Amino acid sequence: MIPPIASNFVAGKSAPQALDHVASLNDDGVYGILNLLGEHYEERPPADEDADAYVSLIEDIAGSGLDCCVSVKPSQIGLDVGDEVFVDNLERIVAAGDEHGVFVWVDMEDYTTTDVTLDAYERLVTQHDGGVGVCTQANLKRTPEDLERLAPLPGKVRLVKGAYSEPKSVSYKQKARVNEAYEDCLELMFEQFEGGIAVGSHDPAMIDYARDLHDEYGTDYEVQMLMGVREDAQRDLAAEGVPTWQYIPYGEKWFSYFYRRVRERKENALFAVRAVLN
């Protein structure tokens, strides 16, 4: 069993447990984005197995009637094995999503994977006329140009600040500069996108800024946050009528995910401490 503290961040080991969590979220007006934990496979069999698991998950979601979609990591479905393995498995997952009416998000990993991820996304979102989304990271200096490229496409784009430790040559390192870049990217999206904007942030200032940009440009948007982080705010946003999605990890590889979440941000570590004290 997953310990109580880690269970704040991980929905369970199995798909049925994760879907039960989504059902409770839906009761509060919050939607779910399910992510099967796993990444950086260096051989094809486990990558194919996780792709198969996503296809099965999509079928389960379609039969559940829940407001839910999925999100996959490129390295989880074969990118470290080879570009063609990643693309083959992503095609299978997106085709299943298209067949069953379940949206598929493609996560973004470190900067070396950006080109192949965006190329695969552009081809698939065009081929399926939507139904697919991709993540972009504001701390990368290239992101405004990437957003210009993505603006005409029929899918969705999630903007996050970026959690990877990238070289200074390609990324902004200071927190204030990353915040500035995030705001600049958000404004570009609200001005140039017709919709499909996902604000991936727990920062109240960025969420408020997105609301202001929506008032100015009228562009539709949604907010996405992690399971276990500011969940009261997630419910409040949903109650205000802002489409709010919770990113929900689940699976056997829960320990490594929980450990990373606690180490990477002091807020998450404080959350875990509060959970112990309570």
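The values are calculated or read from the model by the stated rules, or taken from the named source; none is laboratory data. All values derive from a computational prediction rather than experimental measurement. Glycine also receives a Cβ, built like all others from the backbone with ideal geometry; neighbour counts cover every protein chain displayed. The protein model used for the area step is the full one, side chains on, heavy atoms only, and it has no ligands, DNA or RNA in it. Shrake-Rupley method; radii C 1.70, N 1.55, O 1.52, S 1.80 Å.
Separation of region 17-70 and region 160-200, taken as the distance between their Cα centroids, equals 26 angstrom. When the solvent-accessible area of the chain is split by element, carbon and sulfur atoms take up 48 percent of it, the probe being 1.4 Å.
Just check region 77-158 against the gyration tensor rule for me: Cα atoms, a ≥ b ≥ c as the square roots of the eigenvalues, rounded for a/c under 1.5, and otherwise prolate or oblate depending on whether a/b exceeds b/c. Note, shape of region 77-158 comes out oblate. The overall shape of region 1-41, judged from the alpha-carbon gyration tensor, is oblate: a/c is not under 1.5, and a/b is no greater than b/c. Average accessible surface for region 22-130: 39 Å² per residue, computed with a 1.4 Å probe over protein heavy atoms with every protein chain in place.
Net length available on complete extension from Ala23 to Phe255 is 81.1 nm, with 0.36 nm assigned per residue and the Cα-Cα distance removed. Of Gly155, Gly38, Gly101, the residue with the greatest mean-square motion in the GNM of the chain, using alpha carbon springs below 10 Å, is Gly101.
With each label modelled as a point 7 angstrom along the Cα→C-beta vector, the Ala239-Thr112 pair spans 4.7 nm.
The slack in the chain from Ile5 to Asp184, taken as 0.36 nm per residue of separation less the alpha-carbon distance, amounts to 60.8 nm. Placing +1 on the Cβ of every Lys and Arg and -1 on the Cβ of every Asp and Glu, with no other charges, gives region 165-250 a dipole of roughly 560 debye about its Cα centre. Mind putting a number on the dipole of region 42-125 about its Cα centre? Charges go on the C-beta only, +1 for Lys and Arg and -1 for Asp and Glu, and I need it in Debye to the nearest 20. For this selection, approximately 260 debye. Once each of the GluC sites (Glu not before Pro) sitting in a DSSP loop with at most 14 other beta-carbon atoms within 10 Å is removed, the chain keeps 44-193 as its longest stretch. Solvent-accessible surface (1.4 Å probe) assigned to Ile61 amounts to roughly 10 Å².
Under a model in which nothing but the beta-carbon of Lys, Arg (+1) and Asp, Glu (-1) is charged, the chain shows a dipole of about 1260 debye around its Cα centre. In terms of overall dimensions, the C-alpha atoms belonging to region 182-253 reach 42, 25, 18 Å along their principal axes, ordered largest to smallest.
Excluding Arg92 itself, calculate the net charge of residues whose Cβ lies under 10 Å from the Cβ of Arg92, where each Lys or Arg counts +1 and each Asp or Glu counts -1. Net local charge, Arg92 excluded: -4.
Net charge around Arg142, counting only other residues with Cβ within less than 11 Å of its Cβ (Lys, Arg = +1; Asp, Glu = -1)? Combined, the nearby Lys, Arg, Asp and Glu give -3.
Using the Cα gyration tensor of region 87-220, with a ≥ b ≥ c the square roots of its eigenvalues, what is the shape: rounded (a/c below 1.5), prolate (a/b larger than b/c) or oblate (neither)? It is oblate, given that a/c is not under 1.5 and a/b is not larger than b/c. Among the DSSP helices (H) of the chain, none spans at least 27 angstrom by Cα along its long axis with an average Kyte-Doolittle hydropathy of 0.0 or more; this is a geometric and hydropathy rule only. Accessible area of Ser171 (1.4 Å probe, protein heavy atoms only, ligands and nucleic acids ignored): about 0 Å².
Counted residue by residue at 0.36 nm each, then reduced by the alpha carbon distance between them, the extension gain from Lys141 to Arg177 reaches 11.9 nm. Candidate values (1) 48, 45, 38; (2) 42, 38, 37; (3) 51, 50, 35 were compared with Cα extents along the principal axes in Å computed on the shown model; the agreeing label is (1).
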